[in-house]
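Student: One structure is given below, represented as structure tokens, and several questions about it will come after.
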Amino acid sequence: MRREYCTYFDHRYAARGIAMIRSLRRHEPGARVWVLCLDEEVYGLFEVLKEPGVRSVRLAEFERGDDSLIAARNDGRTMIEYYFTCTASLILFVMRTVPDAEWVTYLDGDLWFFASPQCVYDEIGDASVAIIPHRYPPGLEAEHKYGIYNVGWISFRRTPDGKKCLQWWRERCLEWCLDIVDEDNDRFADQRYLNRFPKLFTGVHVLKNPGVNLAPWNIAGYRVAHDGEGAIVDGHRLIFFHFHLLKRVGSRLFITSHGDYGAGVDRVTREHVYRPYLRELLKVERQVAPLIPKHSSQTIRQSMPRNSSKLTKVRQLRVEFARLASALLRGLTVWMPR
């Protein structure tokens, strides 16, 4: 069973993306990951690194001959909305480029693998599509406005059902993929369309393993322990964690987003989930930093536009300072010793 993976990121997310890829290949040595490079800096970085198992793709190569995708890029959607638009098209691009691939799986760049994903494919079985619910705990039902399912991992099999579902998703994203919640039409970016997969298509499997896509938004609903070999989530091995909105402050202090979802950061999570990831992330950062041109500053990951007024920047700094103070008081930070 040949399976391919794909992801995308810009140069500011490169360290996280590379850490994710290396963690996947550590547990699945034969994995190949297609990286859609969202800027030339990332493409140039991979040209230098010669990263094992990576096939880097320029935006121009990805878009070539795809008039519908090019039209979407020029229809007024923002750059981040265009990148959301690319998710389904990237999966289809890989499926068409590798005709003998049975599975193509998209992965968010801020995942990190603690164990082999083989159990995920075992659970999927004969299904043609695999999606993961956010699994919000009680009290966070309002978060479903962003979608019942999370795009962090989504798999399509080369079957009539799988290709039909993927093509439908791509068409919807080309039509509309804005970074806003549209309640009337049950839409949000590329993600909320997943709500309709189980209703419209056969062969859609909703993953149930709690060790898959553990994240700040659902960790409050589980017990995380350590058995001497690795983290355990309600009795299941942690396969991968989604380090959503992990923010760096200074050189070695990180703020988690657990507080945004009413969750804390206990000792096991800090020591056996965050710190292993951050050790590798810092190592990757040291490797890639000298290879990224220092003038590269305008990317989709900026927290505010470059032309923001001084007043806007001051207000943003106040918000960030308040968030840091709150996180420190509530124990939501992770400090990495030298």
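Student: Kindly give Rg over Rh for the chain, based on alpha-carbon atoms, with the Kirkwood expression for the hydrodynamic radius. Present the calculation step by step, with values, prior to reporting the outcome.
Tutor: Numbers: Rg = 19.5 Å, Rh = 20.8 Å.
Rg/Rh for the chain comes to 0.94.
Student: Give me the distance between the Cα centres of the stretch 98-128 and the stretch 129-172, rounded to whole Å.
Tutor: 14 Å
Student: I'd like the per residue volume of the convex hull spanned by the Cα atoms of the stretch 147-273, given in cubic angstrom. Don't jump to the answer; show the numbers that get you there.
Tutor: Numbers: hull volume 19.8 nm³, N = 127.
For the stretch 147-273, the hull spanned by Cα atoms encloses 156 Å³ per residue.
Student: Expressed in nm to one decimal, what extension gain is obtained for the pair Asp186 and Lys247 from 0.36 nm per residue of sequence separation less their Cα-Cα distance? Write out the running numbers ahead of the final one.
Tutor: Working: separation 61, 0.36 × 61 = 21.96 nm, distance 2.99 nm.
Between Asp186 and Lys247, full extension yields an extra 19.0 nm.
Student: Something else about it: Just order 64-71, 172-179, 221-228 by mean Cβ neighbour count inside 10 Å, highest at the front, would you? Don't skip to the end; give the middle numbers.
Tutor: Working: 64-71: 11.6, 172-179: 17.9, 221-228: 14.1.
So the peptides 64-71, 172-179, 221-228, ranked by packing, come out 172-179, 221-228, 64-71.
Student: Considering the zone a paramagnetic label at Asp260 would reach in this model (a point 7 Å from Cα along the Cα-to-Cβ line), which residues of the stretch 223-245 have amide N under 14 Å from it?
Tutor: The answer is 242-245.
Student: Given the rule -39500 (n - 2.57) for each run of at least 4 DSSP H residues, summed and divided by the residues of the chain, what is its mean residue ellipticity at 222 nm, to the nearest 500 deg cm²/dmol?
Tutor: The per-residue figure over the chain is -10500 deg cm²/dmol.
Student: When the chain is treated as a GNM, springs tying every alpha-carbon pair under 10 Å, which of Tyr146, Tyr82, Tyr121 comes out with the largest mean-square fluctuation?
Tutor: Of Tyr146, Tyr82, Tyr121, the Gaussian network model singles out Tyr121 as fluctuating most.
Student: Defining a contact as two alpha carbons under 8 Å apart and six or more residues distant in sequence, what relative contact order in percent does the stretch 3-335 show?
Tutor: Rounded, it is 19 percent for the stretch 3-335.
Student: Would you mind putting 161-169, 260-268, 2-10 in packing order, based on average other-beta-carbon counts within 10 Å, highest first? Mind showing how you got there, number by number?
Tutor: Values: 161-169: 19.3, 260-268: 15.7, 2-10: 21.2.
Top of the packing list down: 2-10, 161-169, 260-268.
Student: Could you give the length gained on full extension between Asn74 and Ser116, defined as 0.36 nm per residue of separation minus the Cα-Cα distance, in nm? If you can, show how the numbers build up before the last one.
Tutor: On the way: separation 42, 0.36 × 42 = 15.12 nm, distance 3.99 nm.
Net length gain for the segment: 11.1 nm.
Student: List the extent of the Cα atoms of the stretch 178-225 along each of their three principal axes, largest first, rounded to whole Å.
Tutor: Projected onto the principal axes, the Cα atoms of the stretch 178-225 cover 40, 28, 14 Å.
Student: Now for a different question. Using R₀ = 30 Å, calculate the FRET efficiency as 1/(1 + (r/R₀)^6) where r is the Cβ-Cβ separation of Lys283 and Lys50; round to 0.05.
Tutor: Working: r = 18 Å, r/R0 = 0.58.
Computed FRET efficiency for Lys283 and Lys50: 0.95.
Student: Can you tell me which of 13-25, 87-99 comes out highest on packing, and rank the rest after it, using the mean Cβ neighbours within 10 Å?
Tutor: The peptides rank, most packed first, as 13-25, 87-99.
Student: In addition: For His272, what is the net charge nearby, where nearby means another residue's Cβ is under 11 Å from its Cβ and Lys, Arg count +1, Asp, Glu -1?
Tutor: Working: positive: Arg267, Arg270, Arg275; negative: Asp227, Glu229, Asp266, Glu271.
For residues surrounding His272, the net value is -1.
Student: Total Lys pairs in the stretch 3-335 closer than 26 Å by alpha-carbon, pairs eight or more apart in sequence or interchain only?
Tutor: 18
Student: Here's another thing I want to ask about it. Apply the Karplus curve 6.51 cos²θ - 1.76 cosθ + 1.60, θ = phi - 60°, to the phi angles in the stretch 13-19 and return the couplings in whole Hz, x for Gly and Pro.
Tutor: 9, 4, 4, 5, x, 5, 4
Throughout, read-outs are computed from the coordinates displayed, never taken from laboratory work. Not measured: the values here are computed from a predicted model. A quick note on method: Cβ atoms are made from the backbone with ideal geometry, for glycine too, and the neighbour counts reach across all protein chains shown.
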